[in-house]
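The values are calculated or read from the model by the stated rules, or taken from the named source; none is laboratory data. Predicted model only: the values in this text are computed from it and were never measured. Using ideal geometry, Cβ is built from the backbone for each residue, glycine included, and neighbour counts are taken over all protein chains shown. Note: accessible area is taken over every heavy atom of the protein model, side chains too, but ligands, DNA and RNA are not part of it. Shrake-Rupley method; radii C 1.70, N 1.55, O 1.52, S 1.80 Å.
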Amino acid sequence: MNFFEDFQVGRVFRHAIPRTLTSGDAAAYIALTGARQPLHCAEPLARALGYPACPLDDFLVFNMAFGKTVPDISYNAIANLGYADVRFRAPVYAGDTLACESTVIGVKENSSGRSGVVYVHSSARNQERREVLSWNRWVMVAKHGSQPAPSPVIPKLPTEVPPAEIAVAPFLRPGALASEASGGQRLWDDYRPGEVLDHPGGMTIEEADHMSATRLFQNTARIHFDAFAARDNPFGKRLVYGGHVISLCRSLSHDGLENAFAVAAIHGGTHANPTFAGDTLYCRHVVTSRDELPGRADVVALRLRMLGVKNEALARLPAVPVGDKHPALVLDLDYSVLIPRRQRP
Amino acid sequence: MNFFEDFQVGRVFRHAIPRTLTSGDAAAYIALTGARQPLHCAEPLARALGYPACPLDDFLVFNMAFGKTVPDISYNAIANLGYADVRFRAPVYAGDTLACESTVIGVKENSSGRSGVVYVHSSARNQERREVLSWNRWVMVAKHGSQPAPSPVIPKLPTEVPPAEIAVAPFLRPGALASEASGGQRLWDDYRPGEVLDHPGGMTIEEADHMSATRLFQNTARIHFDAFAARDNPFGKRLVYGGHVISLCRSLSHDGLENAFAVAAIHGGTHANPTFAGDTLYCRHVVTSRDELPGRADVVALRLRMLGVKNEALARLPAVPVGDKHPALVLDLDYSVLIPRRQRP
Amino acid sequence: MNFFEDFQVGRVFRHAIPRTLTSGDAAAYIALTGARQPLHCAEPLARALGYPACPLDDFLVFNMAFGKTVPDISYNAIANLGYADVRFRAPVYAGDTLACESTVIGVKENSSGRSGVVYVHSSARNQERREVLSWNRWVMVAKHGSQPAPSPVIPKLPTEVPPAEIAVAPFLRPGALASEASGGQRLWDDYRPGEVLDHPGGMTIEEADHMSATRLFQNTARIHFDAFAARDNPFGKRLVYGGHVISLCRSLSHDGLENAFAVAAIHGGTHANPTFAGDTLYCRHVVTSRDELPGRADVVALRLRMLGVKNEALARLPAVPVGDKHPALVLDLDYSVLIPRRQRP
């Protein structure tokens, strides 16, 4: 239960409660988000692609790892401000155990003197101590007392994960991803930078749904769970955990990005507006660039801007770019997915 | 995302996203439906009955397979009109992967010219390509444009699965189903055609519950999930997926049909009225007939009419037959279960 | 579906529907309760402590076993009045199958002549017939007819499980419970009788959440599920199953009791007031005593009073003892946990 004063640059937190992920978590994740990427739910396909078993959904892993950091980093967070340099480094399987740690890499007190921004670099490792995920985020955290402000340290965070540093499993055989399995024909070659994809589905969020997802991730930030205390927050109610919004947008986007079988990196992103129970989420993607990966002619990265929108038909949204300040915008994520490249005969 | 025009008789859809079912799915299914049939949750009993492990609940399998067909067949469905000739052909176990396909077997445009009825035959196979389930259904689907109506083709669908064609696992030892395990004494011999069973429980449906179940099945029909868009549908709100209603009725009916350990076939059925969150479901069964199965003296089929009723005490319902148009009736299913026969000493 | 008249002292119920517990149940339990005790979710830690695998959460086991008894004992219960002499005798693992039985040990008709109190001793065994849990409870059950009252039999129930009778697995190596894994530094030596722990979290309960948890436990008591029928009960709505309240309080109490890795016994307890959807739960613990266990210098019992409180900030509660009649009090449980003792160098 740390406050702003507790974060000194260089301090390392070894987060408690390592978590063994299971097929039970995978099923609960599908029930709570509607995830449908076939790599994560079709064992024969996963094996055909070279994996020893279905790897767990990338955002299930991300949210589980993120959840581990909450009691130390963001239990008292006022807002989760942004992400940078998020790298999905290795697949995670049912039976793997994740343990996480974070290092404080920056602090800056707000001018109000009542809170400050904390920058952390976090990392998740499996039971063999292999790093499977690393990420940076910054959060606004309340001050506890009235100590003088520390010297501000604002880290230089990269604005992207360079394509050359994107991890691809050496065993991967992307050609095995048949359109029959994924439901879509479009490969990397078929997307054009600037193209806008308005995904057809919508998902209304209930209190029970977002709380169950956030509990599954063992994320304890009280703003998501305590309606009685939330009467006193600026919104007067519980907020939906931002990671659940990301998961829902990923699920909605399957129709249109059927062959984007894995998430490779998040270059940056913000939760533009809060999401509440009762809101209906929609997802638009904008194709940003197509990036070749060194040493792989068969799999490539597609860089995308994921826009999460609430309570507004996508057709009524302004053309790209949606202003960051559009009141319907709840998520704006700059990320890259892996997708097969069409094989030349 | 097909419209009425996209369905030509003979067209085959190989549905995307095969699904590996797990013990996590079984647990989520119990949490969402209250399923209690002991064959599906008591491993020693399943082994005593001859199974290598607990087979998954029949309606979990049905709903999972059905869900696979939705993106191609009924994403734009206005209503799911009926079922016929549904056969549960082989048990499905945790670890099995289901892949489904459908063939269009009939089309008939409605007189309005704005929609039509599509008839499909669907089939689910496991990873060894063994057919585990097959079914026919017909749905009302919106037209996209104003093309002229195709010649109507209305398939002749059987009105029953004949008892001689009901699948029984050759290894089955039904005598192992002790009343201690199931909670009930009544076997096939104890039910009488015409008998009415009013099951005591009731289940109120919440939005989060039916959406979680429908997401678990990876059924994406938007009418179940999108409250914002649903403001414009005739009901002004989300509808509960009919397969979830079937699952709930099956669960409620355990008290009274304790030894009906497996579902053998659905001869026909309709969703008589829509179900919404907030509705409370009750279930009545009417015994239709007792059917012997060729070559088995120990296990027999009980044919039943499953009536799902909402927001009305069963005791206040009119005597059988409930008129199909009774406003409280939401489900009317003609099906057969397997149940042991009393062994003569 | 028994009524008060059906309970004769000495009658034994072998409860139906044995249940094989799985990692899917464990995941659903985490999603529904937010459970975080690391012994139950971190496989490497469980092995370091000497377990062959993660044992299932003690209150998951308790609620599953309890659920088995409901159809025979408390389907028609008006109120679940209390617990005594609850013993957690052996760990339960994914794959184990629980079967339960109960013996009537007391009856006492109420002066109204319309209901009575039934006392039962219940027991859960695994597939090897090893007893893993035993407990006593008493419930108020409706009378069916107007038979004369039976002679009252009120059993003498112990007011505590003596420390010498608390089960500790012989293989247990409690020293392996590092504060890094649990998130807390405090061991048995650091708690003082009389000490009050106000746990920081709060959890608002939704209808979908408590119903899903109660369905997961296959507890069928209709008061939790049937809003239509509940219009006629004294509260006019569904009640939350008391075992779910216990689970939530255990989860909330992780912050402050991080190393209380297992529940050893419940000496007694009552559900002081009903809980409904919409209520927000908080948890206070009062340390009662520190009990050494025979033959173990490394692990000891901490006896605690668990107070579940709703819709009231703990800081505004009166000092200990909270009067049993405080309207915000919903749970008052006298129980003991296992916790490592600091090793002397």
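Looking at region C:1-60 only, could you name the residues that are open to solvent by less than 20 Å² (accessible area, probe 1.4 Å), more than 14 Å from chain B (Cβ to nearest Cβ) and among the charged types (D, E, K, R)?
Selection gives C:ARG36 alone.
If a residue has to be in contact with a strand residue (DSSP E or B) (Cβ under 7 Å, 6 or more places away or on another chain), facing another protein chain (nearest Cβ under 9 Å) and open to solvent by less than 20 Å² (accessible area, probe 1.4 Å) to count, how many in region A:158-204 make the cut?
3
Report yes if some residue within region B:73-93 is in a helix (DSSP H, G or I), within 14 Å of chain A (Cβ to nearest Cβ) and in contact (Cβ under 8 Å) with a residue 24 or more places away in the chain; otherwise report no.
Within region B:73-93, the subset in a helix (DSSP H, G or I) is B:73.
So of that shortlist, the ones also within 14 Å of chain A (Cβ to nearest Cβ) come out as B:73.
With in contact (Cβ under 8 Å) with a residue 24 or more places away in the chain added as a condition, the list becomes B:73.
Checked against the condition, which is being in a helix (DSSP H, G or I), within 14 Å of chain A (Cβ to nearest Cβ) and in contact (Cβ under 8 Å) with a residue 24 or more places away in the chain, region B:73-93 yields at least one hit.
Any idea which of (1) out of contact with any Phe, Trp or Tyr (no Cβ under 7 Å at 6 or more places or on another chain); (2) outside any helix (DSSP H, G or I) is the one C:LEU32 doesn't satisfy?
Exception for C:LEU32: condition (2).
Filter region A:224-260 for residues that are more than 14 Å from chain C (Cβ to nearest Cβ) and over 22 Å from A:CYS283 (Cα atoms); which is modelled with the highest pLDDT?
Restricting attention to region A:224-260, the residues satisfying the condition of being more than 14 Å from chain C (Cβ to nearest Cβ) are A:234-235, A:242-243, A:245-246, A:248-260.
Pick out the ones that are also over 22 Å from A:CYS283 (Cα atoms) and you get A:234-235.
Numbers: A:PRO234: 89, A:PHE235: 93.
Taking the candidates together, the pick is A:PHE235.
Only one of (1) among the aliphatic types (A, V, I, L, M); (2) within 14 Å of chain C (Cβ to nearest Cβ); (3) open to solvent by 30 Å² or more (accessible area, probe 1.4 Å) fails for A:ALA221. Which number is that?
A:ALA221 satisfies all of (1) among the aliphatic types (A, V, I, L, M); (2) within 14 Å of chain C (Cβ to nearest Cβ); (3) open to solvent by 30 Å² or more (accessible area, probe 1.4 Å) except (3).
Working carefully through the options C:ALA272, C:ALA297, C:ALA260, find the one that is in contact (Cβ under 8 Å) with a residue 24 or more places away in the chain, over 30 Å from C:MET140 (Cβ atoms) and under 16 Å from the mean Cα position of the chain (by Cα). Working first, answer last.
On the way: C:ALA272 fails: over 30 Å from C:MET140 (Cβ atoms); C:ALA297 fails: under 16 Å from the mean Cα position of the chain (by Cα).
Going through C:ALA272, C:ALA297, C:ALA260 in turn, the sole match is C:ALA260.
For residues in region B:101-114 being open to solvent by 10 Å² or more (accessible area, probe 1.4 Å) and of a type in the set (S, T, N, Q), which is nearest to the chain's Cα centre (by Cα)? Full working, then the answer.
As a first pass, look at region B:101-114 and keep what is open to solvent by 10 Å² or more (accessible area, probe 1.4 Å): B:101, B:103, B:105, B:108-114.
From what is left, the residues that are of a type in the set (S, T, N, Q) are B:103, B:110-112.
Working: B:THR103: 19, B:ASN110: 26, B:SER111: 30, B:SER112: 30 Å.
Step by step, filter region B:101-114, then rank; the result is B:THR103.
Take the residues of region A:141-157 that are of a type in the set (A, V, I, L, M, F, W, C) and at pLDDT 95 or above: which is most open to solvent (accessible area, probe 1.4 Å)?
The selected residue is A:ILE154.
Considering only region C:37-52, I want to know if a residue exists there that is assigned to a loop (DSSP other than H, G, I, E, B) and either charged (D, E, K, R) or modelled with pLDDT under 95 (or both).
No, the conditions are met nowhere in region C:37-52.
Look at A:GLY67 and say whether it is in contact (Cβ under 8 Å) with a residue 60 or more places away in the chain, outside any loop (DSSP other than H, G, I, E, B) and within 12 Å of chain C (Cβ to nearest Cβ).
On the way: in contact (Cβ under 8 Å) with a residue 60 or more places away in the chain: yes; outside any loop (DSSP other than H, G, I, E, B): yes; within 12 Å of chain C (Cβ to nearest Cβ): yes.
Yes, satisfied.
A:VAL287 versus (1) away from chain B (no Cβ under 14 Å); (2) aliphatic (A, V, I, L, M); (3) surrounded by fewer than 21 Cβ atoms within 10 Å (Cβ to Cβ); (4) within 18 Å of A:MET203 (Cα to Cα): which is the lone unmet condition?
(4)
Mind checking which residues of region C:244-283 are under 28 Å from A:ARG231 (Cβ atoms), in contact with a Ser or Thr (Cβ under 9 Å, 6 or more places away or on another chain) and not in a loop (DSSP other than H, G, I, E, B)?
Listed by number, the residues that qualify are C:HIS244, C:VAL245, C:SER247, C:LEU248, C:ARG250, C:SER251, C:THR280, C:LEU281, C:CYS283.
Taking the conditions exactly as written (among the β-branched types (Val, Ile, Thr), open to solvent by 10 Å² or more (accessible area, probe 1.4 Å) and modelled with pLDDT of 95 or more), does A:THR69 satisfy them or not?
Values: among the β-branched types (Val, Ile, Thr): yes; open to solvent by 10 Å² or more (accessible area, probe 1.4 Å): no; modelled with pLDDT of 95 or more: yes.
When the stated conditions are applied, A:THR69 does not pass them.
Suppose the filter is farther than 25 Å from A:LEU248 by Cβ, open to solvent by less than 10 Å² (accessible area, probe 1.4 Å), touching a Ser or Thr at 6+ places or on another chain (Cβ under 9 Å) and among the hydrophobic types (A, V, I, L, M, F, W, C); does B:ALA230 pass it? First the steps, then the outcome.
Numbers: farther than 25 Å from A:LEU248 by Cβ: no; open to solvent by less than 10 Å² (accessible area, probe 1.4 Å): yes; touching a Ser or Thr at 6+ places or on another chain (Cβ under 9 Å): yes; among the hydrophobic types (A, V, I, L, M, F, W, C): yes.
In short, no.
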